[in-house]
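Novice: What follows is a single structure, and I will ask about it in a moment.
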Amino acid sequence: MTARPDPLDPSAASLLGEGAYAGSQVSYGGATYWLERSPDGAKRLVAVADDESPFGPFAGTTERLDGKVRLLAETTTDNARALRSALPWLTPSRHGLHTSAGFGDRLGLSTPGHVRALNAVGAPIRPVFAQQSIREMGRCHRTPRDVLDDATWGAFQAGWTSPVGGDADHLEQIEDVDTTAAAGFAFFTLDPKARVDPSAEHADPATVRAKVEALDWPGLESDLPAFVKKYAGRRIELEHEAVELDEESVLRAMAKYGPSLSHAMAMYRRLTEKAGDYEVEFAVDETDYPTKPAEHVVVVSELKRLGMEFISFAPRFVGRFEKGVEFIGDIGELRRDFEIHAQLARALGPYKLSLHSGSDKYSTYPLIAEATQGVVHLKTAGTSWAEALRVIAANDPDLMRRILALALDSFEANRKSYHLSCDPARIPTEPTDEEVARLLDVADSRQVLHVGYGAILEEFGSPMYRVWNDHEEEHYRIIADHFVKHLEPFARYAR
Ligand SMILES: [Zn+2]
């Protein structure tokens with residue numbers, strides 16, 4: 001049973017100090033907690049109770065006040081942990097098959113905006129506020145604990161009192177499992193793409209067979225004849241069609257994904273040793289070719305045979321899912337692709353289909369929401385960052401010009417490992433104020449800025465955080481408006 005807050009202590013409202021976030025105030029376990037902001041932007045945790053007993057886990061100062069005890073505590077990582085144990089709904093937990101959405105937040109500032117969007121939409125969509133890939137954490141110099149703690153403070157500030165997830169996104173190495181499990185994440189996205197063999201896509205049959213024969217079959221706890229017997233000639237009846245597996249296509253699927261399965265299982269086994277309450281997503285969305293139905297069947301069935309339990313699967317869908325812009329490709333073909341993968345997810349699972357690089361793909365949401373009947377996870381990563389840049393553009397156009405110049409200078413390095421089709425040559429190098437205001441609306445500059453976050457934050461982090469700090473309300477409003485557009489298409493199927 002999920003913990004819910006107690007009715008708010010009626011005397012607590014009168015204790016709110018200057019700069020308090022009134023909406024954060026919540027009573028639970030004999031104490032009332034809220035967040036306050038000082039004029040310089042620093043935030044602190046305040047709590048009151050009849051005695052000191054609820055405040056043991058917190059580091060801070062206590063004082064007597066009108067017969068109560070008041071705690072003042074800084075927003076440190078230890079106090080974030082203490083707050084998660086004091087207010088259990090802030091501790092990431094499993095969302096299971098519920099409709100869910102991941103709100104990657106590179107800055108650690110956006111969660112209150114995400115909460116507003118969820119509240120505005122009002123559907124039972126389960127949030128994952130803490131979500132960042134290891135690649136992004138590296139570029140942003142954040143630790144897994146930073147990601148989790150920022151989301152904790154943001155959700156608390158905005159008064160969120162329902163379950164939250166916590167996605168350790170795109171884990172590729174076994175060590176990534178250790179650090180993110182220790183931090184307290186509850187959702188682990190295993191991505192063995194480095195060991196997927198894209199050359200199997202177009203290899204001739206003899207090469208495919210040689211690749212399959214060379215697989216580590218003992219490590220896969222099987223052998224080639226057993227594999228062929230299991231899949232070749234199999235027919236999987238779905239609701240509206242059937243998937244036929246011929247020998248050629250299952251061998252090709254195994255040649256491509258086989259090497260990655262052992263590694264995924266090694267990460268998974270490590271996870272079972274390290275993490276407590278967790279769920280797993282298996283992701284191949286960043287591979288070179290769309291995931292064919294036969295590949296979906298083979299990968300998922302082999303992982304299940306090996307003992308992996310997962311709650312969601314992220315195939316690579318047809319068309320192009322580039323960072324920060326609309327879907328590029330044939331939308332009819334994508335609809336067919338969603339339908340077949342969703343039927344497979346029901347037939348072989350059920351598990352959720354996960355839509356990655358899911359931000360700004362407005363044309364796709366109604367299609368995947370319907371195809372999956374809400375058994376879906378929407379994962380957005382950098383779009384909160386791109387939208388946060390609007391606050392900079394509106395309030396400090398000169399800073400924005402310098403940011404753009406750096407993003408253009410460092411673009412070739414920044415674009416690595418991202419799918420992009422922007423042309424930097426089309427971006428004005430000395431934009432006017434009006435052009436600055438439109439940088440996030442034009443695909444070329446939006447993508448260049450989208451992937452430039454590492455270099456940009458490294459160089460301009462301090463002045464940028466000052467702007468966001470001074471214009472917090474505007475920032476939340478922009479994020480909320482943006483995410484309402486993402487969440488609304490899922491509302492009628494949310495479950
Ligand atoms: Zn992804």
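The values are calculated or read from the model by the stated rules, or taken from the named source; none is laboratory data. Just so it is clear, the model here is predicted, and its values are computed rather than measured. A quick note on method: Cβ atoms are made from the backbone with ideal geometry, for glycine too, and the neighbour counts reach across all protein chains shown. Protein only, heavy atoms only, side chains kept; ligands, DNA and RNA dropped before computing areas. Shrake-Rupley method; radii C 1.70, N 1.55, O 1.52, S 1.80 Å.
Novice: Over the heavy atoms of residue 416, what accessible area does a 1.4 Å probe trace out, to the nearest 10 Å²?
Specialist: Roll a 1.4 Å probe over it and residue 416 shows about 130 Å².
Novice: What number results when the radius of gyration of region 315-438, computed over Cα atoms, is divided by 2.2 N^0.38 Å?
Specialist: 1.30
Novice: Given the pairs 193/230; 229/292; 68/274; 229/416; 211/379, which are separated by over 29 angstrom at their Cα positions?
Specialist: Long pairs (Cα-Cα over 29 Å): 68/274; 229/416; 211/379.
Novice: Please give the net charge around residue 233, taking every other residue with its beta carbon less than 13 angstrom from that of residue 233, where Lys and Arg add +1 and Asp and Glu add -1.
Specialist: Counting the neighbours of residue 233, the net charge comes to 0.
Novice: May I pose another question? Where does the chain land at 222 nm, in deg cm²/dmol rounded to the nearest 500, when only DSSP H runs of n ≥ 4 count, each adding -39500 (n - 2.57), divided by all residues?
Specialist: -14000 deg cm²/dmol
Novice: Please list the non-local residues whose amide H lies under 5 Å from the amide H of residue 280, H modeled 1.01 Å from N, same-chain partners needing a gap of 5 or more.
Specialist: Hits under the 5 Å cutoff: 188, 311, 312.
Novice: Please work out how much length the chain gains when fully extended from residue 51 to residue 85, using 0.36 nm per residue of separation minus the C-alpha to C-alpha distance, in nm with one decimal.
Specialist: Using 0.36 nm per residue and subtracting the Cα-Cα distance, I get 10.4 nm.
Novice: Could you go through region 22-38 in sequence order and give the Karplus-derived ³J(HN,Hα) for each residue, using 6.51 cos²θ - 1.76 cosθ + 1.60 with θ = phi - 60°, rounded to whole Hz, and x for Gly and Pro?
Specialist: Those phi angles translate into 4, x, 7, 5, 8, 9, 6, x, x, 9, 10, 10, 7, 10, 10, 10, 7 Hz.
Novice: Which angle from 0 to 90°, rounded to the nearest 10, does the C-alpha axis of helix 247-274 make with the longest principal axis of the chain?
Specialist: 30 degrees
Novice: Set the Förster distance to 45 Å, then compute FRET efficiency between residue 213 and residue 346 from the Cβ-Cβ distance, nearest 0.05.
Specialist: 0.85
Novice: Let me ask you something else. State whether region 215-335 is rounded, prolate or oblate according to the following rule on the C-alpha gyration tensor (a ≥ b ≥ c being the square roots of its eigenvalues): a/c under 1.5 gives rounded; otherwise a/b larger than b/c gives prolate, and the remaining case gives oblate.
Specialist: Here region 215-335 falls in the oblate category.
Novice: Something else: Which residue, chosen from 182, 104, 168, occupies the Cα position most advanced towards the positive end of the dipole of region 59-193, where the dipole is computed from +1 (Lys, Arg) and -1 (Asp, Glu) charges on Cβ about the Cα centre?
Specialist: Checking the options against the dipole of region 59-193, the answer is 104.
Novice: Would you mind getting the accessible area per residue of the chain, heavy atoms of the protein chains only, 1.4 Å probe, in Å²?
Specialist: Per residue, the chain has 40 Å² of solvent-accessible surface.
Novice: How large is ³J(HN,Hα) for each residue in region 57-74, as worked out from phi by the Karplus curve 6.51 cos²θ - 1.76 cosθ + 1.60 (θ = phi - 60°), to whole Hz, x for Gly and Pro?
Specialist: These are the phi-based 3J(HN,Hα) values: x, 8, 9, x, 10, 10, 8, 7, 8, 6, x, 10, 10, 10, 9, 10, 9, 7 Hz.
Novice: Which of 476, 329, 493 sits farthest toward the positive end of the charge dipole of the chain, with +1 on the Cβ of Lys and Arg and -1 on the Cβ of Asp and Glu?
Specialist: 493
Novice: Along Cα→Cβ, 7 Å out, is where each label goes; now give me the distance between the ones at residue 438 and residue 336 in nm to one decimal.
Specialist: So the label points at residue 438 and residue 336 sit 3.7 nm apart.
Novice: Then there is this: Modelling each spin label as a point 7 Å along the Cα-to-Cβ direction, I'd like the residue 373/residue 481 distance in nm, to one decimal.
Specialist: Taking the two extended label points, one gets 3.8 nm.
Novice: Something else now. In nm, to one decimal, how far is the modelled label at residue 305 from the one at residue 18, with both set 7 Å along Cα→Cβ?
Specialist: Label-label distance for residue 305 and residue 18, simple model: 6.9 nm.
Novice: Using a probe of 1.4 angstrom, how much of the accessible area of the chain is carbon and sulfur, in percent?
Specialist: For the chain, the apolar C and S fraction of the accessible surface comes to 51 percent.
Novice: Could I ask something else about it? Calculate, in nm to one decimal, what residue 162 and residue 175 gain on full extension: separation in residues at 0.36 nm each, minus their alpha carbon distance.
Specialist: My answer for the length gained is 1.6 nm.
Novice: So, one more: Could you give the size of the charge dipole of the chain about its Cα centre, using +1 on the Cβ of each K and R and -1 on the Cβ of each D and E, expressed in debye and rounded to the nearest 20?
Specialist: About 900 debye.
Novice: Loop only per DSSP, at most 16 neighbouring Cβ atoms within 10 Å: give me the GluC sites (Glu not before Pro) in region 229-268, ordered by residue number.
Specialist: Filter output for region 229-268: 239, 241.
Novice: Right, another one. Using modelled backbone amide H atoms (1.01 Å from N, in-plane), which distant-in-sequence or interchain residues come within less than 5 Å of residue 354's amide H?
Specialist: 313, 314, 377
Novice: Could I ask something else about it? Have a look at 157, 119, 210 and report the one farthest towards the positive end of the charge dipole of the chain, computed about the Cα centre with Cβ charges (Lys/Arg +1, Asp/Glu -1).
Specialist: Farthest towards the positive pole: 210.
Novice: Could you pull the Rg and Dmax for region 260-313, using just the Cα atoms, both in Å?
Specialist: Every Cα atom of region 260-313 included, Rg and Dmax give 11.7, 34 Å.
Novice: Turning to a different aspect of this structure: Which value in Å is the Kirkwood Rh of region 446-495 over different Cα pairs?
Specialist: Hydrodynamic radius (Kirkwood, Cα only) of region 446-495 equals 13.2 Å.
Novice: Contact order normalised by length for region 318-377, with contacts defined as Cα pairs under 8 Å and 6 or more residues apart; what percent is it?
Specialist: 41 percent
Novice: Dividing the Cα convex hull volume of the chain by residue count, how many Å³ per residue is that?
Specialist: Cα convex hull per residue, to the nearest whole number: 146 Å³.
Novice: Still on this structure: With a Förster radius of 35 Å, plug the Cβ-Cβ distance of residue 462 and residue 221 into 1/(1 + (r/R0)^6) and report the FRET value to the nearest 0.05.
Specialist: 0.10
Novice: Right, something else. Across region 223-233, in residue order, what do the Karplus-derived ³J(HN,Hα) couplings come to in whole Hz, using 6.51 cos²θ - 1.76 cosθ + 1.60 with θ = phi - 60° and x for Gly and Pro?
Specialist: Per-residue couplings from phi come out as 8, 4, x, 5, 4, 4, 4, 5, 10, 5, x Hz.
Novice: What is the pair-distance distribution P(r) of region 105-180, computed from all Cα-Cα distances in 10 Å bins starting at 0, with each bin given as a whole percent?
Specialist: 19, 50, 25, 6
Novice: Still on this structure, please answer the following. Using a 1.4 angstrom probe on the protein heavy atoms only, line up 380, 429, 62 by accessible area, largest first.
Specialist: Final ranking, largest accessible area leading: 429, 62, 380.
Novice: Residues with beta-carbon under 12 Å from that of residue 97, excluding residue 97: net charge, scoring Lys, Arg +1 and Asp, Glu -1?
Specialist: +4
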